[in-house]
2 protein chains.
Amino acid sequence: MTEQNGGPKTSRRKFLTSALIAGGSAAAAPFARAASPDPAITEIQPWNQELGFGVDARPYGRPSDYEAHVVRRNVEWLTASTESSVNFTPLHELDGIITPNGLCFERHHGGAAEIDPSKHRLMIHGLVEKPLVFTMEELMQFPRINRIYFLECAANSGMEWKGAQLNGCQFTHGMIHNVMYTGIPLKYLLEQAGVKPNGKWLLAEGADASGMTRSIPMFKALDDCMVAFKMNGEALRVEQGYPLRLIVPGWEGNMWIKWLRRLEVGDEPWHHREETSKYTDLMADGRARRFTWVMDAKSVITNPSPQAPIITGPGPVVLTGVAWSGHGKIKRVDVTLDGGKNWHKARLSGPSLSKSMHRFYFEFEWDGRPLLLQSRAIDETGYVQPTKDELRKIRGVNSIYHNNGIQTWYVNEQGIAENVEIS
Amino acid sequence: MTEQNGGPKTSRRKFLTSALIAGGSAAAAPFARAASPDPAITEIQPWNQELGFGVDARPYGRPSDYEAHVVRRNVEWLTASTESSVNFTPLHELDGIITPNGLCFERHHGGAAEIDPSKHRLMIHGLVEKPLVFTMEELMQFPRINRIYFLECAANSGMEWKGAQLNGCQFTHGMIHNVMYTGIPLKYLLEQAGVKPNGKWLLAEGADASGMTRSIPMFKALDDCMVAFKMNGEALRVEQGYPLRLIVPGWEGNMWIKWLRRLEVGDEPWHHREETSKYTDLMADGRARRFTWVMDAKSVITNPSPQAPIITGPGPVVLTGVAWSGHGKIKRVDVTLDGGKNWHKARLSGPSLSKSMHRFYFEFEWDGRPLLLQSRAIDETGYVQPTKDELRKIRGVNSIYHNNGIQTWYVNEQGIAENVEIS
């Protein structure tokens, strides 16, 4: 963990863009530093001569010991207990669009519940023709689908409302992951139960110690919600709701109820704790926004970034990052090297899927002068990711949730990056 | 491991299709067994009341203890040592199209080499204008792409040439995985070195103790080959070639050189050990097929299957499986419940990508009578997956490699499945 994250909140430097001449220019791809002959290639290494480990060594695999630093990290001062806390996905160590299961950020309200699937049940009741209770085996008799979706916590980047705080995209933007879910369209289960005409809302409840509950409007439940039991091919991880999780594509992560045990159909929202005192946005005038479900388009540059400096010096640099939108696909990502004076269209790579992370790249030739890096996502609705100041004009600075403002990294002559704000 | 795989090879039953009336009919989806009220839902479980584990408990995650049976498995009698052996992906426990990194099958010839990436180099030499040696940091300066590809060992299903042998799709078809790779198009690296006009072949060499080498024609190297360093977002696993692997989309897995350290450009193939005495197909007349690179279209039903019986009795059953082709996308998958008398079009779900696994489903209402299950893949070239007998007519039974024949599972009245052949 970087020094800045171990201590109390600090206000980071502000930058005047006019005072800086950023040093980079778009380069024609492909390109690379010409490598020189290197004696290391002819040295005998142990692994060239000694047998490696056998196929019985790791029935379930784990990363190389040289990757031991690639882990989820929590921030001790952020919450009172680790059971009601969050750890963060190391975005700066990842590439592509799939988050491996071992690195998907966690957010619990009563710790991660370790459930025996043979004892787990899902009940559907309330305003339905026929209340139902399902075992896991019975759920396996329903048709399944597979979808890749991002899950972002509403509080992702929440610390940044008041200015640049946490020094690393893992901490500023790491409350997000993107995996392939296998599950049952929720509408199939609701059709079995038979929703009554006045059934316009759904209460989803988890089996964990916090008894997490959220109200979900019926139109969303019948649209693209899923009841998932697998992620990236294998069973859900304990910390992601094993054995059953509600998937609410594009909407804030808190609604994706983990350890899902109950779905109650009602005629109005429940206004439970996690949708009133929490997960609402307090505006400047003291009133709170009600039901801010959709996660708007957002992006962040993951490399270079405070945890991932430029270590190769002046020359070719691959700038990369991720973008996503709760409204659909990402149409375009722009990046700037000079704090917004010049914007360049980034290259998207990998499958472009609705409500999924997109990976972008921008290759440039670095001349060694300081940089002010930003990315700006545009989704298929035409919505453009705003600046933090544009958000503050509308929302004030009382908010914790739904900060999708543009992030800035300052890169100095040594290639070291820092979280800053520019104005 | 099932009993059949722990002992010597056994020849499994043969079935006459005419002697069997399979009991199943295509059902209209969605459907499900109506669940009855269940007192278990009202019982208090420990996880409803006690705090779960905190966010600092598992910096890198692992599956639930209840999933401890979901592992790669090797077959002890199959090879002389575990360092030159294989373990198998538990296909019957997976869903969707992504194989999680911890469950990707392994095949080593000298064990899995644990390489220090700071000491690893990639050399490009031979018939090039400018020999080059790259560190990992220098490779990170090249533009990257992201692609999902299946990797299938040429020997997958190899034991089945002589008849139904291994009792479970993990063992008959588990030498395959499907992940998202991040890497550099190989042509970018070759362009840097400048391939001479007579450079028509490439020798790829691994840094492991076996010094694995394969000849790759230049047209493939310049087409879609990649030099990958990440799989499913994170660094390659040790057993998959950390820190660098050659990706040869759609071609036999042995060519995807792990721990890649050397690329030599030449004017003809090298005919090394692993492309002469191994990885060639011995025909009935004693001659061997030369360079059988592409993995033809293939499929297998993963559930029900010998390791995954029907446990819910007569009623709705979700039949599922995977299909793939080294020639491109899968256009269609057909399934039969009665050994080929009636074929039904399966439902594909998830992204359809070239040279990637596809997931298929077929929901049916089981009447409790025996079933003879088969699947048949058709790829975008129009190629239809053949029966094993059709393959044997052309290839004889000396082969080990490239068995893409249709697989049959017999399911008895108790829902127990067995590997059989029908004629």
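The values are calculated or read from the model by the stated rules, or taken from the named source; none is laboratory data. If you're wondering where the values come from, they're calculated on a predicted model, not measured in any experiment. Cβ atoms come from the backbone with ideal geometry, glycine included; neighbour counts cover every protein chain shown.
Observations on the model:
- Search result, residues across segment B:44-96 that are assigned to a loop (DSSP other than H, G, I, E, B), touching a helix residue (DSSP H, G or I) at 6+ places or on another chain (Cβ under 6 Å) and more than 7 Å from chain A (Cβ to nearest Cβ): B:VAL75, B:THR89, B:PRO90
- Residue in segment A:411-420 that is of a type in the set (D, E, K, R) and out of contact with any His (no Cβ under 9 Å at 6 or more places or on another chain) present: yes
- Verdict on A:VAL227 being modelled with pLDDT of 95 or more and under 29 Å from B:HIS69 (Cα atoms): yes
- No other residue among A:VAL397, A:VAL420 is in contact with a helix residue (DSSP H, G or I) (Cβ under 9 Å, 6 or more places away or on another chain) and among the aliphatic types (A, V, I, L, M) apart from A:VAL397.
- Subset of segment A:197-214 that is touching a residue at least 60 places away in the same chain (Cβ under 8 Å) and not in a loop (DSSP other than H, G, I, E, B) - its residue that is farthest from the other protein chains (Cβ to nearest Cβ): A:TRP201
- Screening segment A:205-220 for residues that are hydrophobic (A, V, I, L, M, F, W, C) and over 22 Å from the mean Cα position of the chain (by Cα) and picking the one that is nearest to A:ILE115 (Cα to Cα) gives A:ALA207.
- Residue that is among the basic types (Lys, Arg) and under 30 Å from B:SER352 (Cα atoms), where the choices are B:LYS196, B:LYS220, B:LYS162: B:LYS220
- Against the conditions (1) within 19 Å of the chain's Cα centre (by Cα); (2) modelled with pLDDT of 95 or more; (3) surrounded by fewer than 24 Cβ atoms within 10 Å (Cβ to Cβ), A:GLU160 satisfies every one except (2).
- Take the conditions (1) within 27 Å of B:VAL411 (Cα to Cα); (2) surrounded by fewer than 18 Cβ atoms within 10 Å (Cβ to Cβ); (3) at pLDDT below 90; (4) outside the structural domain of B:PRO304 (by TED's automatic domain parsing); B:ALA68 misses just one of them, which is (3).
- When residues of segment A:97-108 are limited to those that are within 7 Å of chain B (Cβ to nearest Cβ) and not in a loop (DSSP other than H, G, I, E, B), the one farthest from A:GLY350 (Cα to Cα): A:GLU106
- Residues that are farther than 25 Å from A:PHE219 by Cα, aromatic (Phe, Trp, Tyr) and within 14 Å of chain B (Cβ to nearest Cβ) within segment A:156-196 comprise just one, A:PHE171.
- Residue in segment A:140-147 that is within 12 Å of chain B (Cβ to nearest Cβ) and buried (at least 24 other Cβ atoms within 10 Å of the Cβ) present: yes
- Residues in segment B:150-170 that are over 20 Å from B:LYS278 (Cβ atoms) and part of a helix (DSSP H, G or I): B:CYS169, B:GLN170.
- If you filter segment A:171-190 down to residues that are in a helix (DSSP H, G or I) and buried (at least 22 other Cβ atoms within 10 Å of the Cβ), you find that the one that is farthest from the chain's Cα centre (by Cα) is A:LEU189.
- Each residue in segment B:109-127 was checked for being facing another protein chain (nearest Cβ under 7 Å), in contact with a strand residue (DSSP E or B) (Cβ under 7 Å, 6 or more places away or on another chain) and either of a type outside the set (A, V, I, L, M) or assigned to a loop (DSSP other than H, G, I, E, B) (or both), and 2 pass.
- Leading residue by the ranking (nearest to the other protein chains (Cβ to nearest Cβ)) among those in segment B:219-259 that are surrounded by fewer than 21 Cβ atoms within 10 Å (Cβ to Cβ) and of a type in the set (A, V, I, L, M, F, W, C): B:LEU222
- Among residues of segment A:331-352, those that are part of a strand (DSSP E or B), within 14 Å of another protein chain (Cβ to nearest Cβ) and buried (at least 20 other Cβ atoms within 10 Å of the Cβ), counted: 1
- Where A:LYS355 falls short, out of the listed (1) of a type in the set (Lys, Arg); (2) outside any loop (DSSP other than H, G, I, E, B); (3) surrounded by 21 or more Cβ atoms within 10 Å (Cβ to Cβ): (2)
- Summed over segment A:290-320, the residues that are closer than 27 Å to B:PHE142 by Cβ, assigned to a strand (DSSP E or B) and either basic (Lys, Arg) or in contact (Cβ under 8 Å) with a residue 60 or more places away in the chain (or both) give a count of 11.
- Scanning segment A:215-233 for residues being among the hydrophobic types (A, V, I, L, M, F, W, C) and in a loop (DSSP other than H, G, I, E, B) gives a total of 2.
- Residue within segment A:375-384 that is among the basic types (Lys, Arg) and within 17 Å of the chain's Cα centre (by Cα) present: yes
- Pick from segment A:191-218, criterion surrounded by fewer than 24 Cβ atoms within 10 Å (Cβ to Cβ) and charged (D, E, K, R), ranking: nearest to B:VAL70 (Cα to Cα): A:GLU205
- Test: B:ASN403 is touching a helix residue (DSSP H, G or I) at 6+ places or on another chain (Cβ under 6 Å), modelled with pLDDT of 95 or more and not assigned by TED's automatic domain parsing to the domain that holds B:VAL179: yes
- Filter result for the condition that a residue is closer than 23 Å to B:PRO185 by Cα and either in a loop (DSSP other than H, G, I, E, B) or in contact (Cβ under 8 Å) with a residue 24 or more places away in the chain (or both), over A:GLU274, A:GLU365: A:GLU365
- Count of segment A:276-293 residues which are of a type outside the set (Phe, Trp, Tyr) and surrounded by 16 or more Cβ atoms within 10 Å (Cβ to Cβ): 4
- Checking B:GLN141 against (1) in a loop (DSSP other than H, G, I, E, B); (2) under 28 Å from the mean Cα position of the chain (by Cα), the condition it does not meet: (2)
- Selection from segment B:225-244 of residues that are more than 17 Å from the chain's Cα centre (by Cα) and touching a residue at least 60 places away in the same chain (Cβ under 8 Å): B:MET226, B:VAL227, B:PHE229, B:GLU234, B:VAL238, B:TYR242, B:PRO243, B:LEU244
- Residues (hydrophobic (A, V, I, L, M, F, W, C) and surrounded by 24 or more Cβ atoms within 10 Å (Cβ to Cβ)) located in segment B:407-423: B:TRP409, B:VAL411, B:ALA417
- Unique match (being outside the structural domain of B:PHE362 (by TED's automatic domain parsing), modelled with pLDDT of 95 or more, of a type in the set (A, V, I, L, M, F, W, C) and touching a Gly at 6+ places or on another chain (Cβ under 8 Å)) among B:ALA155, B:ALA112: B:ALA112
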